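Remarks on the structure that follows.
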Amino acid sequence: MLHFGDRAYDVLGAFWTTIQLTALSAIGALILGTLLAAMRLSPVPMLNWIGTTYVNVVRNTPLTLIILFCSFGLAQTLGITLVNSKSLTSIEDSNFRLAILGFTVYTAAFVCETVRSGVNTVPLGQAEAARSLGLTFAQNLRIVLLPQAFRAVINPLGSVLIALTKNTTIASAIGVAEAALLMKTMTENEAALIYIGAIFMVGFVILTLPMGLFFGWLGKRLAVAR
Amino acid sequence: MSSMKVRVVGAIALAIALPFAATACGGGGGGGDTIVIGTKFDQPGLGLKNPDGTMSGFDVDVAKYVAKQLGYAEDKIEWKESPSGQRETLIQNDQVKFIAATYSITDTRKQKVDFAGPYLITGQSLLVKADNTDITGPESLQNNKKLCSVSGSTPAQRIKDKYPGVQLQQYDTYSACVEALKNGAIDAVTTDEVILAGYAAQTPGAFKIVGKPFSEERYGIGLKKGDTDLRTKINDALTKMEQDGAWKAAWDKNLGPAGIAAPTPPPVDK
Amino acid sequence: MAGSVLFDAPGPRALVRNRIFNVVTALVIALVIWVVYAQLNAKGQLTAAKWEPFLTANLWKTYILPGVQGTLTAAAVSIALALALGFLLGVGRLSTHPAIRWPSAVFVEFFRAVPVLIMMIFAYFLYALYDVFPSKHLALAGVITALTLYNGAVIAEIVRAGVLALPRGQSEAASALGLRWGQTMRSILLPQAVTSMLPVLVSQMVVVLKDTAIGYQITFLEMVRQGTQVGASYGNYVPALIVIAVLMISVNFTLSWFATWLEGRMRRSSRGPEPMHIQPVTQGSFGAGAGGSI
């Protein structure tokens with residue numbers, strides 16, 4: 001807790017919320033993104049078309065708009081609140097889960113493109129050999145292509161994860177109690193702007209720089225030797 | 001590749017110059033026979049820029065009356081948007097002559113600017129849907145009710161400190177809160193009563209204000225520190241407005257549709 | 001030749017199966033659309049009263065056009081400044097003097113690690129505190145500062161990657177001719193790198209355009225904020241957001257499509273160096289680096 005006079009601000013709690021948002025959205029985006037990549041590569045034309053449209057639309061929409069849609073469009077108009085309305089923390093939980101949904105939907109498009117570019121790096125001979133062995137499309141993807149594709153794109157996926165960490169700040173638009181909302185509150189109520197700014201900037205550097213180093217190391221470690 | 005460089009540099013220069021040329025520059029407390037007045041552009045009922053470009057609202061009407069008393073007709077007024085955090089800066093930099101923009105008189109602000117008035121006394125209150133029966137005041141919010149306010153604002157923090165059983169939803173603007181109230185996602189919106197009245201007046205009959213105000217805010221007209229001459233003139237204009245019925249007329253026109261009767265105008269602080 | 005490497009050209013059974021898949025998927029999509037439509041209708045979002053205002057000129061003139069102007073202004077100025085800053089930093093990172101290389105590296109890594117919103121909030125309040133800009137331009141200045149710093153750092157990485165991707169023979173030949181480092185960079189490497197980087201730079205402009213929407217949270221007058229203003233004035237929040245979304249998606253999509261077309265054209269032409277791939281996210285320096293831009 002950070003104290004200014006008699007007011008206390010829970011900076012670590014806010015960053016913990018950021019980490020939670022990142023982790024949960026990352027898992028969702030990874031699953032959805034891989035699914036989309038499979039759809040874009042699949043032999044069924046309809047699935048192809050859905051995947052391509054999804055990626056093209058979502059990649060060109062600002063994340064702020066998507067998050068606002070989740071709150072006003074999904075929750076308030078369509079009534080999808082993802083939460084038990086009787087619970088004591090229904091607003092907090094609802095915003096949190098809607099934000100995760102928004103981030104998942106947005107980041108999945110980028111995961112899809114990254115995985116697709118990873119599949120492109122796998123030499124053609126692999127897919128041809130798999131086909132000549134009689135593997136179906138799904139088996140081909142699951143056993144031969146995707147493992148190699150993932151190992152090839154560890155670095156770009158790391159970049160996507162770091163970008164997601166930074167994008168979680170946009171959840172402050174619907175009132176999720178993460179780092180950016182706390183920074184807005186603190187700068188409006190306190191007079192120590194430079195100090196507050198430094199705290200949050202350093203906080204994010206501490207979050208992202210180790211991630212970058214880790215993924216760099218992991219990428220080298222898991223790179224497919226050809 | 002020098003032609004390419006020239007093109008690149010030219011493009012960059014053009015890109016930088018164009019937007020600045022496009023944004024018109026204005027300023028000064030009024031040149032010659034115009035007066036620049038600061039008010040809110042996004043506060044229905046108090047200071048709102050209409051789609052056709054005209055201004056409407058209680059603060060706007062008060063400002064127009066004062067300007068007329070100072071000798072400026074309505075078409076000689078230039079309106080400047082005054083967001084909450086920048087009101088002192090606008091006055092200190094002579095970008096406006098005076099400000100009527102839901103400006104609460106506080107001691108900290110009196111250190112930077114002078115105030116004429118107050119012309120309105122209000123307090124924090126609650127806005128609920130017209131058919132709501134279980135919220136009658138801040139205490140009834142304890143029952144796990146959902147409250148909405150603007151991020152980082154004092155009204156929200158005040159309620160959260162006093163009544164911990166309340167759930168708080170924060171958005172960037174009051175209109176987002178009102179929208180959420182309309183959709184039933186939250187139970188009440190909280191801020192100064194007169195601002196709530198403005199939103200209620202936009203859709204008469206949909207919302208109502210409940211509970212007595214549980215704080216006091218005195219709205220005044222902010223002007224440059226030390227300008228006692230202007231302050232006296234504005235105070236005289238405000239007193240005149242309160243006495244000849246124009247104050248009540250302005251209230252009824254802008255905030256009447258919210259269903260609140262016009263209170264007695266506050267005495268001006270000489 | 002039908003089919004790709006991943007699957008055979010569909011035979012009779014596969015054709016039938018594909019057709020069933022198509023029909024089922026189309027039905028599911030239709031169902032989802034119908035449910036959404038019904039729910040919107042139930043909440044009264046599809047009434048004429050909510051959508052008619054979009055046919056009035058006033059709405060566009062007072063709200064949406066100023067928003068579009070704000071978005072484009074911020075994007076144009078940020079892109080121009082970010083390009084200048086990015087080139088400076090990128091070349092700085094490639095410099096042979098550690099005194100220039102290290103500060104550039106620190107600067108780039110730091111500004112790629114800090115979220116754009118945090119920088120916007122900081123810049124906005126900083127300018128307000130020290131009265132650096134008139135009140136009307138405060139939010140614009142905050143947005144431009146944050147976007148310039150962030151995208152400048154990203155473009156610096158793009159420039160560095162572009163120069164490092166050039167064939168080594170180019171710089172070797174330049175040093176064999178006796179050119180100094182500065183001359184090599186200016187006359188040989190940068191011109192080729194710029195040409196190969198063009199598609200990626202255009203993609204980055206799409207990112208800048210999208211990120212101006214973050215300015216919504218510091219009261220910057222751009223399209224998303226104007227959309228909410230329309231919603232507040234006419235009481236049609238969700239339709240306003242939908243219209244703004246359609247507008248933004250079309251503008252961004254056009255730019256993205258242009259970037260892809262540019263890359264395709266450059267790849268097919270035999271003049272000039274090979275264009276850099278438009279990656280979904282740009283690579284970093286410390287391996288994955290402090291995040292790309294999405």
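In the elastic network of chain A, a GNM with C-alpha springs shorter than 10 Å, the most mobile of A:GLY197, A:GLY118, A:GLY28 is A:GLY197. Partners of A:LYS166 within straight-line reach, counting lysines whose Cα lies under 26 Å from its Cα and excluding those fewer than 8 residues away in the same chain: A:LYS184, A:LYS220, C:LYS210. Given the pairs B:LYS146/B:LYS225; B:LYS112/B:LYS240; B:LYS208/B:LYS270; B:LYS97/B:LYS129; A:LYS86/B:LYS129; B:LYS212/B:LYS253, which are separated by over 30 angstrom at their Cα positions? Among B:LYS146/B:LYS225; B:LYS112/B:LYS240; B:LYS208/B:LYS270; B:LYS97/B:LYS129; A:LYS86/B:LYS129; B:LYS212/B:LYS253, the Cα-Cα distance tops 30 Å for B:LYS146/B:LYS225; B:LYS208/B:LYS270; B:LYS97/B:LYS129.
Please name which of C:LEU85, C:LEU247, C:ALA75 has its Cα lying farthest along the dipole of chain C towards the positive end, using unit charges on Cβ (Lys, Arg +1; Asp, Glu -1) and the Cα centre as origin. Most positive-ward Cα: C:LEU247. Within the listed set C:THR148, C:THR25, C:THR219, the Gaussian network model of chain C (springs between alpha-carbon atoms below 10 Å) gives the highest mean-square fluctuation for C:THR25. Shown here is the pair-distance distribution of chain C: with all Cα-Cα distances grouped in 5 Å bins from zero up to the longest one, the shares run 1, 5, 9, 11, 12, 12, 11, 10, 9, 8, 5, 3, 2, 1, 0, 0 percent. Indicate the gyration tensor shape class of chain B (rounded, prolate or oblate), computed on the Cα atoms with a ≥ b ≥ c the square roots of the eigenvalues: a/c under 1.5 is rounded; otherwise a/b larger than b/c is prolate and the rest oblate. Since a/c reaches 1.5 but b/c is at least a/b, the shape of chain B is classed as oblate. Note on chain A: with charges restricted to the Cβ of Lys and Arg (+1) and Asp and Glu (-1), its dipole about the Cα centre is near 920 debye.
For the protein assembly as shown, the equivalent ellipsoid derived from the Cα gyration tensor has semi-axes of 51, 33, 24 Å, listed largest first. Evaluated over the Cα positions of segment A:2-222, the convex hull gives a direction-averaged projected area, one quarter of its surface, of 15.0 nm². Of interest is the spacing of the C-alpha centroids, which for segment C:77-117 and segment A:26-79 amounts to 33 Å. Taken along the Cα-to-beta-carbon direction at a fixed 7 Å, the label points for C:ALA176 and C:THR254 span 4.8 nm.
Once the Cα-Cα distance is subtracted from the 0.36 nm per residue extended length, the C:VAL106 to C:ARG17 segment shows a gain of 26.4 nm. Cα centroids of segment B:57-109 and segment C:1-56: 54 Å apart. P(r) tail for segment B:124-210, what percent of Cα pairs lie past 16 Å? The calculated P(r) of segment B:124-210 puts 43 percent of pairs beyond 16 Å. Against chain A, whose longest principal axis comes from its Cα atoms, helix A:45-59 is set at around 30 degrees. Using Cα atoms only, what is the angle between the long axis of helix A:179-189 and the major principal axis of chain A, expressed in degrees (0 to 90) to the nearest 10? Tilt relative to chain A: about 20 degrees. Taking B:ALA201, B:ALA130, B:ALA237 as the candidate residues, the one with maximal mean-square fluctuation in a Gaussian network model of chain B, Cα springs under 10 Å, is B:ALA130. What FRET efficiency would be calculated for the residue pair A:THR121, B:GLU139, taking the C-beta separation as r and a Förster radius of 45 Å, to the nearest 0.05? E between A:THR121 and B:GLU139, to the nearest 0.05, is 0.10. Stretched out straight at 0.36 nm per residue, the stretch from B:LYS76 to B:LYS162 would grow longer than its current Cα-Cα span by 26.3 nm.
Here A:ALA8 and A:ILE194 are evaluated by their C-beta separation; at R0 = 30 Å the FRET efficiency comes out at 0.90.
Take every pair of alpha-carbon atoms less than 8 Å apart whose residues are at least six positions apart; their mean separation over the length of chain C yields a relative contact order of 22 percent. Placing unit charges on each Cβ (+1 for Lys and Arg, -1 for Asp and Glu) gives segment B:43-146 a dipole about its Cα centre, and among B:SER140, B:MET55, B:ILE77 the Cα reaching farthest toward its positive end belongs to B:SER140.
Read the figures in this text as sums done on the coordinates, not as results from a lab. Owing to the predicted nature of the structure, the values given are computational and were not obtained by experimental measurement. Please note: Cβ atoms are built from the backbone with ideal geometry, for glycine as well, and neighbour counts cover all protein chains shown.
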